[in-house]
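Visitor: Attaching a single structure in structure tokens format; questions to follow.
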Amino acid sequence: MNISVTGPKILFEFTLFGMTVSITETVLSSVIVMLILMVAAVLLGRNLKKRPGGKQVLVEKAVTMLYNLVGETMGQHNLHFAPYIGTLFCASVLGTLISMTGFLRSATADLSTTLAWALVTTGLVWYHSIKNFGFLGWLKGFTEPIAVMTPMNIVSEVAQPIALAFRHFGNVACGGVLTAMIYSGLAAASSLLFGWLPGILGEIPFLQVGIPAVLSLYFDLFSGFIQALVFCMLTMVYVGSVCPPPEEKEAKE
Amino acid sequence: MVILTQAASEGFVDLNVWTAIFTLVNLLLLFFVMKKYLFKPVKKMIDERQQEIDDLYADANQSKTEAAELKSQYETRLAEANEEKEEILRAAHRKAQLREEEILREAQDKAAQTLKRADQQIEMEKKRALNEIKDDVSGMALDIASAVLARDIKGEEHTALIDSFIENLGESHD
């Protein structure tokens, strides 16, 4: 009984400008997630009516919740970030839950995915920091509150996307690993308990029925939502902190 | 028990730049599509509806204020009209009373006048009748006297005599 803990499988490779480009399961999942969400977005976003019915009520509720969350976390002046946060949340949740199809691997169980997203967050932070406080203002920010803190601030600035990426990746990937371990563990327990049964009956891992489903509720559904929420909340907090309300920004200048 | 394999897969915590780039591109594409086709239209619809509701409420409030204002205006006007009506009625009443008194007075005056005139006429008639009687009586007396005396008395003397007689008679009669 072996459990192989691996990264995503490489589906195929090709050479582009002398570089080997490998298309992995992650890319496949990511593209599928993207296509599903795109189709859903177009379907849900059309035929909107002043007097909504059925699905429009739910869509509006979700969008309102998103805007409220962004408004509360980042301030009313930062509401234009809501579409990105919403996209990130949907991509993250679906990217995690897609493993529940059974044949696709979670896109978020790949450090490359979460790091790419985390770098977008950091990029946004740096861009808006320089835009709002100027290049020198951004550099000066590292020396606050006192100059001695500068190395620490730099480390924390670099650690920020890495921490963000590893948190999401680690949770999802370890959920997958745990699920696999539980499956094999339950198989072993089954064969111990029911191995004496004659013929094929002895080979059926009875314990694998039900128990993993309950655990999957936590590791996939709950963890998937929580990690997506955490990632989005942190993105909002980081970006929001460098996008102060207009009056505060003027006061700072 | 747990084996980290490398065959045909990446390592568990490997970083694949191409995967990262593809993921990034996917995320950006997804962002633009979701923003354009989902978030923007839905948010716009929500905001428009909110605006419409706000407008409706504002309109309703304004209408209510206006209605209250109009109502108080009408009430004031109604009270004024009532007062005016009372005033007019009072004036008409007063006028009617005055007229009534006037008519009564006129009627009384006329009646008094008519009565007076009647009295005068009666007086005159009485006088005339007396004069006529006086003339008749004097003629008759003359005739009787001439018949009695059977002698020719000078007319003028007799006439004067009888007139004085009648005068005395009239005075004693009065």
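Visitor: Going by a ≥ b ≥ c, the root eigenvalues of the Cα gyration tensor, does segment A:1-82 fall in the rounded group (a/c under 1.5), the prolate group (a/b larger than b/c) or the oblate group? Don't skip to the end; give the middle numbers.
Guide: On the way: a/c = 2.39, a/b = 2.16, b/c = 1.11.
Note, shape of segment A:1-82 comes out prolate.
Visitor: From Cα coordinates alone, what are the radius of gyration and Dmax values for chain B in angstrom?
Guide: 65.8, 205
Visitor: So how do A:177-186, A:110-119 stack up, highest first, on mean other-Cβ count within 10 Å?
Guide: Working: A:177-186: 16.4, A:110-119: 26.5.
Ranking, from highest mean packing down: A:110-119, A:177-186.
Visitor: Please compute how much accessible surface disappears when A pairs with B, both sides summed, using a 1.4 Å probe, and round it to the nearest 100 Å². Mind showing how you got there, number by number?
Guide: On the way: alone 15430 and 16530 Å², together 27500 Å².
Buried: approximately 4500 Å² between B and A.
Visitor: Same structure again: Straight-line reach from B:K134: which lysines have Cα under 16 Å away, leaving out those fewer than 8 places along the same chain?
Guide: B:K126
Visitor: Further question: What Kirkwood Rh does chain A have if only Cα atoms enter the pairwise 1/r average? Answer in Å. Intermediate results must be reported in sequence, preceding the final value.
Guide: Working: mean 1/r = 0.0468 Å⁻¹.
It is 21.3 Å.
Visitor: Report, as an integer, the average count of C-beta atoms from other chains found within 10 Å of each Cβ along B:46-52. Don't skip to the answer; put the middle values down first.
Guide: Working: counts 8, 1, 2, 6, 1, 0, 1.
Across B:46-52, the average partner-chain Cβ count within 10 Å equals 3.
Visitor: Still on this structure, I have one more. Taking the Cβ-Cβ separation of B:V13 and A:L119 as r and a Förster radius of 25 Å, what is the calculated FRET efficiency to the nearest 0.05?
Guide: Details: r = 17 Å, r/R0 = 0.66.
Step by step, r from the Cβ atoms, then E = 0.90.
Visitor: Does a label point 7 Å from the Cα of B:E84, set along Cα-to-beta-carbon, have any residues of segment B:60-75 with amide nitrogen under 16 Å, and which are they?
Guide: B:73-75
Visitor: A further question follows. Need one number: convex hull volume per residue for the protein assembly as shown, Cα atoms only, in Å³. Kindly include the intermediate steps, with their values, before the conclusion.
Guide: On the way: hull volume 198.4 nm³, N = 427.
Cα convex hull per residue, to the nearest whole number: 465 Å³.
Visitor: Additional query: I'd like the mean, over residues of A:22-28, of how many other protein chain beta carbons sit within 10 Å of each residue's own Cβ. Please list the in-between numbers first.
Guide: On the way: counts 5, 4, 7, 3, 6, 7, 1.
Per residue, the average neighbour count from other chains is 5.
Visitor: Report the calculated FRET efficiency for A:T20 and B:D55 (r = Cβ-Cβ distance, R0 = 51 Å), to the nearest 0.05. Could you put the intermediate results ahead of the total?
Guide: On the way: r = 61 Å, r/R0 = 1.20.
After rounding, the FRET efficiency stands at 0.25.
Visitor: Please give the peptides A:76-89, A:123-136 ranked by average Cβ packing (other Cβ atoms within 10 Å per residue), highest first, as a rough proxy for protection. Kindly include the intermediate steps, with their values, before the conclusion.
Guide: Numbers: A:76-89: 19.2, A:123-136: 14.9.
My ranking of the peptides, most packed first, is A:76-89, A:123-136.
Visitor: When you look at the Cβ of every residue in A:35-42, what mean number of other chain Cβ atoms sits within 10 Å? Before the final figure, lay out the partial values.
Guide: Details: counts 4, 1, 6, 8, 2, 3, 10, 5.
Average per residue, whole number: 5.
Visitor: Return the subset of A:K131/B:K40; A:K140/B:K36; A:K49/B:K71; B:K43/B:K71; A:K61/B:K36; B:K85/B:K110 for which the Cα-Cα distance in this structure is over 30 Å, preserving the input order. Don't skip to the answer; put the middle values down first.
Guide: Values: A:K131/B:K40 25 Å; A:K140/B:K36 37 Å; A:K49/B:K71 39 Å; B:K43/B:K71 41 Å; A:K61/B:K36 18 Å; B:K85/B:K110 37 Å.
Listed pairs above 30 Å: A:K140/B:K36; A:K49/B:K71; B:K43/B:K71; B:K85/B:K110.
Visitor: What shape does segment A:88-224 take by its C-alpha gyration tensor, where a ≥ b ≥ c are the square roots of the eigenvalues and a/c under 1.5 counts as rounded, a/b above b/c as prolate, and the rest as oblate? Before the final figure, lay out the partial values.
Guide: Numbers: a/c = 5.27, a/b = 3.16, b/c = 1.67.
The shape class here is prolate.
Visitor: Express the carbon and sulfur contribution to the solvent-accessible surface of the protein assembly as shown as a percent, rounded to the nearest whole number, probe 1.4 angstrom. Intermediate values should be presented prior to the final figure.
Guide: Details: 17880 of 27500 Å².
With neighbouring chains kept in place, the figure for the protein assembly as shown is 65 percent.
Visitor: Please identify every one of the trypsin sites (Lys or Arg not before Pro) in segment A:1-104 that sits in a loop by DSSP and has no more than 12 other beta carbons within 10 Å of its own beta carbon.
Guide: Working: sites: A:K9, A:R46, A:K49, A:K50, A:K55, A:K61; in loops: A:R46, A:K49, A:K50.
Passing sites in segment A:1-104 are A:R46, A:K49, A:K50.
Visitor: Next up: From the helices alone, meaning DSSP H stretches of at least four residues, give me the mean residue ellipticity at 222 nm for chain A, per-run term -39500 (n - 2.57), in deg cm²/dmol to the nearest 500.
Guide: On the way: 8 runs with 164 residues, N = 253.
That calculation yields -22500 deg cm²/dmol at 222 nm.
Visitor: I want to check the label-to-label distance for B:R128 and B:E100. Put each point 7 Å from Cα in the C-beta direction and report it in nm to one decimal.
Guide: In this crude spin-label approximation the distance works out to 4.4 nm.
Visitor: Determine which aspartates and glutamates satisfy two conditions relative to B:K95: a Cα distance under 13 Å, and not lying fewer than 8 residues away in the same chain.
Guide: Leaving aside aspartates and glutamates fewer than 8 places away in the same chain, those within reach of B:K95 are B:E87.
The values are calculated or read from the model by the stated rules, or taken from the named source; none is laboratory data. All of these numbers come straight from a predicted model, not from anything done at the bench. All Cβ positions, even for glycine, are placed from backbone atoms using ideal geometry, and neighbour counts span all protein chains on display. We work out accessible area using only protein heavy atoms, side chains counted, and drop any ligands, DNA or RNA first. Shrake-Rupley method; radii C 1.70, N 1.55, O 1.52, S 1.80 Å.
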